[in-house]
1. Scan (1) surrounded by fewer than 20 Cβ atoms within 10 Å (Cβ to Cβ); (2) in the same structural domain as residue 167 (by TED's automatic domain parsing); (3) more than 25 Å from residue 186 (Cα to Cα) for the single condition residue 49 breaks and write down its number.
2. Which number in (1) exposed (fewer than 15 other Cβ atoms within 10 Å of the Cβ); (2) in contact with a strand residue (DSSP E or B) (Cβ under 7 Å, 6 or more places away or on another chain) marks the one condition that residue 645 misses?
3. Considering only residues that are within 23 Å of residue 654 (Cβ to Cβ) and touching a helix residue (DSSP H, G or I) at 6+ places or on another chain (Cβ under 6 Å), which ones fall in segment 510-551?
4. When the residues of segment 153-189 are filtered to those that are outside any loop (DSSP other than H, G, I, E, B) and among the aromatic types (Phe, Trp, Tyr), which remaining residue is farthest from residue 70 (Cα to Cα)?
5. Go through the residues of segment 245-261 one by one and say whether even a single one is of a type in the set (Ser, Thr, Tyr) and touching an Asp or Glu at 6+ places or on another chain (Cβ under 8 Å).
6. Can you tell me which residue in segment 598-622 is farthest from residue 635 (Cα to Cα), limited to those that are crowded, with 19+ Cβ neighbours inside 10 Å and either of a type outside the set (Ser, Thr, Tyr) or in contact with a Ser or Thr (Cβ under 6 Å, 6 or more places away or on another chain) (or both)?
7. Counting only residues that are touching a Lys or Arg at 6+ places or on another chain (Cβ under 9 Å), outside the structural domain of residue 390 (by TED's automatic domain parsing) and more than 19 Å from residue 58 (Cβ to Cβ), give me the strands (runs of 3 or more DSSP E) lying completely in segment 190-263 with at least 3 of them.
8. Just a yes or no: is a residue in segment 265-277 in the same structural domain as residue 376 (by TED's automatic domain parsing), surrounded by 16 or more Cβ atoms within 10 Å (Cβ to Cβ) and over 29 Å from the mean Cα position of the chain (by Cα)?
Amino acid sequence: MKKTFFLILPFQMLLFTAYAQTETMPFGKIDPSDLTLSEASFEKDANAMVLFDKADVYFDQNFDIIMERHKRIKIFNEKGKDEANVRLEYYSGGHYEDLFSLQAQTINNRDGKPTITKLERKQIFTEIIDKNRTALVFTFPDVQPGSIVEFKYQWKTPSYGNFPSWVFQSKIPVRYSELRTSVPDMLYYKIQQRVHQPFCKNKSMSESKSIPNGANSLGYNVNIRLLALQNVPSLSDEPFMTSRNDNLQSVSFQLTEIKPIGGFTQTYIDTWQKVAGMLADDEDFGAQFKKKLQEEDVIVAKAKALKSNDEKIAFLFNEVRNSMKWNDVDVWYTNDGISKAWQKKTGNSTEINLILYRLLKLAEVGNVYPMIVSTRSNGRVNIAFPWLRQFNRTVVYIPVDSTRKYILDASNKYQLYNSIPDNLLNSYGLSLNKDNKTYNLINISCPNTSRKNIFITADIKPDGKINGNAKIYDFDYHKMNSVRLYKTEGEEKFKEWLTEKDNSIKIKNMKIEGVDVDSLPLQELLDFEMELKGVDGDYIYFNPNLFTSLRTNPFLTENRSTVVDFGHKKKYTLTASYGIPPNYLADALPKSLNLVMPDKSISFQRIVSNSEGQIIVRYVIDFKKALYVQDEYPLLRQFYKQMFEMLNEQIVLKKS
């Protein structure tokens, strides 16, 4: 929100700034023990550690919000030198944010004494990301294992609603992290904490201040809050993890009230209705809806000539997806505008999808709305915290009825028009009907099950080789992932992925069908050869679980820090027939069984039979649930342990 002063009379605000925390030190002053520090005591295998990260947030005499930040990092080894590369992004458009007074330096231990190498101004690069965002980018000089690097800067915003969030946790361990806020009692902020370890400091205090008013003065209080964590472990990447932003320990602030001295309290809680209303009037969003596209009439006429809305949607989606190139920029607003982006045939994700939105509206396919969303890497939308900066992309939303909807993202070359983008699942979108001035929060989830069916026919040879063919049918998300990998990595890498990099399996011939037809599954037709390792003359051992991508258990660690998010429901079916070589009999077959999670969210069925020289195997793994919170992880891990033991159980053949 824009700043509105709450006094007509001129005033000045005295600053309150506090330092001297024992866990931190002034810029350039080094604890000798940190110079010789060789590891993090609470995470000994770390490549680097944040010694401290400290912020002091207050209001200056103009009632601008100021943040003074000082961060210091210890580099332990060569891998830790990545921490010497720093990128500081801020919203510079209209001076909504400013970043200034940046200083940085490297401290090395030379003969027991600290040697300082300062970062020169010419080594700081300013990157203009787009018309709203800027980044300061630099690399610390003279960095080596054992170095300490530190930087400090000031950040400013004139907007009361842009109070900075604070993240205590990092991808490397943090020895100490502190946030100090000083807020005049005319402003009230709701604090949202996502912290699961106890604060080592959690203090509140108040200090009286006054504003000169001629011969008199107006008194008020500054509410001071100090929050700190120590020995914060690194947040490492975990299998099926959501965004790091969803999991890092942090605090956020939302402006709720302004109470002028001697005035009436004004409520400033943002609502989703207000956020959407701002979007509808924004020059880089709502104003784009009526911008004309070059030769749009020709495209719309072709779409209108089609019989059904589904055909029109598919046609226009593919037209935009195939015509436009995404520039890898994800923001909720347009940069060049949709007319220029269409002319250039390149644009950010919002420009591409607003182009699609306009064409769909002109083609009169029914209810069509632009919808701002947050991608998986950006983080889940917190619906209790109405804030535009949670979003980083726009898509097109078409509700058909209570059970069917389209969510279209033409910026993804491998997206199917009839599948909800998988990087948007399990979050929320905000759809806008500008004509009726109505706005809705949409829960983005997929009720359908994504299927993968594998059929194998093979013969086992006496010399321990298997020759056979496989037919793999990938539907929905399985298809999108396979097509993306095939087109971006090439055929050889795709073969490696199909075999899970098992060098004993050689794909001799491969034929791919259905790549460019959205309504058909992807078919991978394979001729393969496999050299079995378990052969000793009288016995042949082999695992029938091939081409499922389910040979390695991802959940081996005992503890889990983050939610398990599979994205969507899925189902794998393997049906295989293996011919037994002459003079061999089945000596040991895995038992047919059913394994079910206690909450029935995952089931595994295995059927194995031996008939007329053929071993018939059928596996069905059905995932009926997409999300598992940390408390559910022990049961999930135990189920996976049992399931993968069964998936990898071998069949034994014995020479008769």
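1. (1)
2. Just one mismatch for residue 645, condition (2).
3. Passing the criteria: only 545.
4. For segment 153-189, the residue satisfying everything is 188.
5. no
6. Residue satisfying both the conditions and the ranking: 615.
7. 216-232
8. no
The values are calculated or read from the model by the stated rules, or taken from the named source; none is laboratory data. Keep in mind that what you see is a predicted model, and the values were worked out from it rather than measured. Positions of Cβ are generated from backbone atoms using ideal geometry, with glycine treated the same way; all protein chains shown enter the neighbour counts.
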